[in-house]
Amino acid sequence: MNPAVSAVTDRIIERSRPTRSAYLALIERERETWIGRPSLGCANLAHAYAGTPEDRDAMKAGDGMNIGIVTAYNDMLSAHAVYYRYPELMKVWAREVGATAQVAGGVPAMCDGVTQGYAGMELSLFSRDTIALATAIALSHGTFEGAALLGICDKIVPGLLMGALRFGHLPMVLIPGGPMPSGLANKTKAAVRERFATGDASREELLDSEIAAYHTTGTCTFFGTANTNQMMMEVMGLHMPGSAFVNPGTKLRQELTRAATHRVAAIGWRGDDYRPLGWCVDEKAIVNAAVGLLATGGSTNHLLHVPAIARAAGIVIDWEDFDRLSCAVPTIARVYPNGSADVNAFEAAGGMPYVIRQLLEGGYLHGDILTVNADGLAASAQKPSIENDTLAWKPVTESGDETIVRPVTNPFSPDGGMRILAGNIGRACIKVSAVERERWIVEAPARVFIDQLDVLEAFKRGELEQDVVVVVRFQGPRANGMPELHKLTPPLGVLQNRGFRVALVTDGRMSGASGKVPCAIHCSPEALLDGAIGLIRDGDMIRVDAINGTLDALVDPAEWAARVPAPAPPPATGMGRELFGMFRGLSDEAEKGASAVLAGAGL
């Protein structure tokens, strides 16, 4: 193993020893005392079997596994619309191996692309906690010996895992649906957005551009949070190998889903290849997730999601671990917004099989993790295909395009492109893999806002036509649910294009599509908890330094210490936001994952 990766892994194992031991004891006890079908009352079983009379006799016999399907299907979210027919097909495929399957429950799946910049976005992060709760409800019936988790996008995969890991004695497989075929190029789409921000493109032109980019079912084709989720499931060994970026509606996609259904049935505790989820998601798998994130330039949202997933399995990973890994792990993929290629081009160039092979050979991934497939993580260094109507895998030994994916011996960058910043403003993270190096340090006067829409209005009025650090505060989990501030990307990009030194500092999130403007995000402590970001005033000189890892207000220390934090705005109501007051009140800080349910559970 690479010594830095090994050292971080050891650090996490040691730090997590008491909580991980407690977790493993929990899932062992759950397996031994599970209120499963043999112990359920007859009336209970009758209720469980009534909805699927075609499988009732098989369920009653109890000879095969009953697989619980937890689905995030809806047809408003393009990535999840593909799941419409999955359950009925999976029931057929389960019968092929002597098992049965039932839809255990549905979980909400909101589309951040629809809610970006609007009030609904303030529910987005806490939808992850809601999904975790809904997953627990789905699996609480005690009638399943394994589960298949159908989810892809931003908060859905982390939420599914957070809930499912509390049932970690059950074997489970995550089943993706794949990206939509390529539409309008992402850089072309971004250019139209910037032209619209300056008034040089009409709303009709912008809408036509967006529809050409997001044109059919499947995940969006940029490497945002959704596709970063799929990358992580591959390096954690929770998918059938190579299934992350196979397009929907293809024979190969269907056969991978069929194989995943068969695999759940093969890894239960009644057989000789028991692989429960809680064993698969261990400290090494979590490190693999972090390494994959850094090596591919993935979404900053996973600085929240990986710690939250880890906590659900009794594992503690912090931002210092990410920072140390980022210094050691090379960036070997360039996928938009870190390059011009989309995920379909990435897949054609070798995709995750090539990335995994390179990271294994370089000693950056733990190859000895317990995966849902029988052959370990090395199997994920092979690309699936259909040969003679049969699913087969072949090794990917060469990059098909070194402008998209490269060997570890010739990386795009020797490090992982994420930094942790610390200074008198607090701690924050910054993604620099898509930022030109000469912009890694920005020193400029602050303009302070409490709403991203106010930033847009100031931009339209020409008030930001200067070197500027835009500070947007009261955007943390306790304040308003920590929405993404993706609406700021076009205007800040325009200012940067005009030659100004520009940066963003916020206790909120940026999109998984964070790009060329340096953004110090997830600033902690947040303003609502009297974090120092609440002390900044218009005109203060702010220094964002991604080279030295600092984030400071260049204010006289005595004056800084004497300042009183800015007053918090009143809690917003409408769009159901008031219903999430409990989540805001319980949520912990960003570095721990910004979760209410984990904090409330004492995890």
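The values are calculated or read from the model by the stated rules, or taken from the named source; none is laboratory data. Everything quoted here is computed from the prediction, not taken from an experiment. Here the Cβ positions follow ideal geometry from the backbone for every residue, glycine too, while neighbour counts run over all protein chains shown.
Table for the structure above
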{"item": "Filtered residues of the range 343-362 (kept if aliphatic (A, V, I, L, M) and part of a helix (DSSP H, G or I))", "result": "V343, A345, A348, M352, V355, I356, L359, L360"}
{"item": "Matching residues, the range 253-270, being out of contact with any strand residue (DSSP E or B) (no Cβ under 9 Å at 6 or more places or on another chain), among the basic types (K, R) and at pLDDT 95 or above", "result": "R253"}
{"item": "Among (1) outside any helix (DSSP H, G or I); (2) loosely packed, with under 15 Cβ neighbours inside 10 Å, the one test that H522 misses", "result": "(2)"}
{"item": "Checklist (1) surrounded by fewer than 21 Cβ atoms within 10 Å (Cβ to Cβ); (2) in a helix (DSSP H, G or I); (3) not aliphatic (A, V, I, L, M) applied to G292, failing item", "result": "(1)"}
{"item": "Some residue of the range 228-237 being in contact with a helix residue (DSSP H, G or I) (Cβ under 8 Å, 6 or more places away or on another chain) and outside any helix (DSSP H, G or I)", "result": "yes"}
{"item": "Test: residue in the range 173-180 that is in contact (Cβ under 8 Å) with a residue 60 or more places away in the chain, surrounded by 15 or more Cβ atoms within 10 Å (Cβ to Cβ) and over 23 Å from the mean Cα position of the chain (by Cα)", "result": "no"}
{"item": "Test: residue in the range 548-555 that is crowded, with 20+ Cβ neighbours inside 10 Å, touching a helix residue (DSSP H, G or I) at 6+ places or on another chain (Cβ under 7 Å), closer than 30 Å to V502 by Cβ and among the small types (G, A, S)", "result": "yes"}
{"item": "Condition met for Y73 (surrounded by 16 or more Cβ atoms within 10 Å (Cβ to Cβ), in contact (Cβ under 8 Å) with a residue 60 or more places away in the chain and among the aromatic types (F, W, Y))", "result": "yes"}
{"item": "Residues (under 30 Å from A136 (Cα atoms), of a type in the set (G, A, S) and not in a helix (DSSP H, G or I)) located in the range 160-211", "result": "G168, G177, G178"}
{"item": "Where a residue in the range 552-565 is within 13 Å of D530 (Cα to Cα) and modelled with pLDDT of 95 or more and its partner, wherever it lies, is acidic (D, E) and surrounded by 11 or more Cβ atoms within 10 Å (Cβ to Cβ), with Cβ under 9 Å and at least six apart", "result": "P565/D530"}
{"item": "Residue list for the range 433-454, filter: touching a Pro at 6+ places or on another chain (Cβ under 7 Å) and not in a strand (DSSP E or B)", "result": "A434, V435, R439, W440, I450"}
{"item": "Tally, over the range 316-361, of residues that are surrounded by fewer than 24 Cβ atoms within 10 Å (Cβ to Cβ), over 21 Å from I12 (Cα atoms) and either outside the structural domain of E234 (by TED's automatic domain parsing) or among the small types (G, A, S) (or both)", "result": "5"}
{"item": "Failed item, numbered, when E578 is tested on (1) of a type in the set (D, E, K, R); (2) within 30 Å of M110 (Cα to Cα); (3) assigned by TED's automatic domain parsing to the domain that holds Q466", "result": "(3)"}
{"item": "Entirely in the range 51-159, the helices (runs of 4 or more DSSP H) that have 3 or more residues that are touching a strand residue (DSSP E or B) at 6+ places or on another chain (Cβ under 7 Å) and modelled with pLDDT of 95 or more", "result": "86-96, 124-139"}
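Each row is one residue, and each column tells you yes or no for (1) buried (at least 17 other Cβ atoms within 10 Å of the Cβ); (2) among the β-branched types (V, I, T); (3) within 26 Å of D588 (Cβ to Cβ).
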| residue | (1), (2), (3) |
| --- | --- |
| D112 | yes, no, yes |
| G120 | yes, no, yes |
| L123 | yes, no, yes |
| F144 | yes, no, no |
| A148 | yes, no, no |
| P158 | yes, no, yes |
| L170 | yes, no, no |
| V192 | yes, yes, no |
